[in-house]
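*Asks:* Quick one: the structure is below, questions incoming.
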Amino acid sequence: MNNIQKITVFVLSLIILISTYFTINIKDFIPGGYTLALNGIVISRTILFGITVYSIIELLKVIRTK
């Protein structure tokens with residue numbers, strides 16, 4: 001694995017950890033005044049889930065091409 005692949009794996013792993021954390025603990029992601037906006041919470045959780053899945057797929061691609 002060269003340096004660029006190592007950096008890519010690190011950055012993608014960091015993105016996966018952050019998006020997984022905010023998907024599970026959505027109250028840390030939503031500001032205080034928007035706690036009653038249920039549609040916004042559902043949409044933001046769906047987007048974060050999509051980002052997590054996409055990042056996992058990209059991480060697997062990078063690992064496979066070493």
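*Asks:* Test Ile41 against the criterion of being part of a helix (DSSP H, G or I) and surrounded by 13 or more Cβ atoms within 10 Å (Cβ to Cβ), and give yes or no.
*Replies:* The answer is yes for Ile41.
*Asks:* Residues that are exposed (fewer than 12 other Cβ atoms within 10 Å of the Cβ) and not aliphatic (A, V, I, L, M): does the stretch 1-9 have at least one?
*Replies:* Checked the stretch 1-9: at least one residue is exposed (fewer than 12 other Cβ atoms within 10 Å of the Cβ) and not aliphatic (A, V, I, L, M).
*Asks:* Next up: Taking Ile51, is it modelled with pLDDT of 85 or more, surrounded by fewer than 10 Cβ atoms within 10 Å (Cβ to Cβ), in a helix (DSSP H, G or I) and out of contact with any Phe, Trp or Tyr (no Cβ under 6 Å at 6 or more places or on another chain)?
*Replies:* Judged against the criteria, Ile51 is not a match.
*Asks:* To continue, here is another question. Taking the stretch 1-20, which residues are within 16 Å of Tyr54 (Cα to Cα) and out of contact with any Asp or Glu (no Cβ under 8 Å at 6 or more places or on another chain)?
*Replies:* Selection gives Thr8, Val9, Phe10, Val11, Ser13, Leu14, Ile15, Ile16, Leu17, Ile18, Ser19, Thr20.
*Asks:* Against the definition (β-branched (Val, Ile, Thr) and modelled with pLDDT of 85 or more), how does Thr23 come out, yes or no?
*Replies:* no
*Asks:* May I ask you to list pairs of residues, at least six apart or on different chains, whose Cβ atoms are under 6 Å apart, with the first in the stretch 10-28 being on the phi < 0 side of the Ramachandran plot and the second being surrounded by 14 or more Cβ atoms within 10 Å (Cβ to Cβ) and not in a helix (DSSP H, G or I)?
*Replies:* Correct list of pairs: Phe22/Phe29.
The values are calculated or read from the model by the stated rules, or taken from the named source; none is laboratory data. For clarity, every value in this text was computed on a predicted model and none was experimentally measured. Don't worry about glycine lacking a Cβ; one is built from the backbone with ideal geometry, like all the others, and counts go over all protein chains shown.
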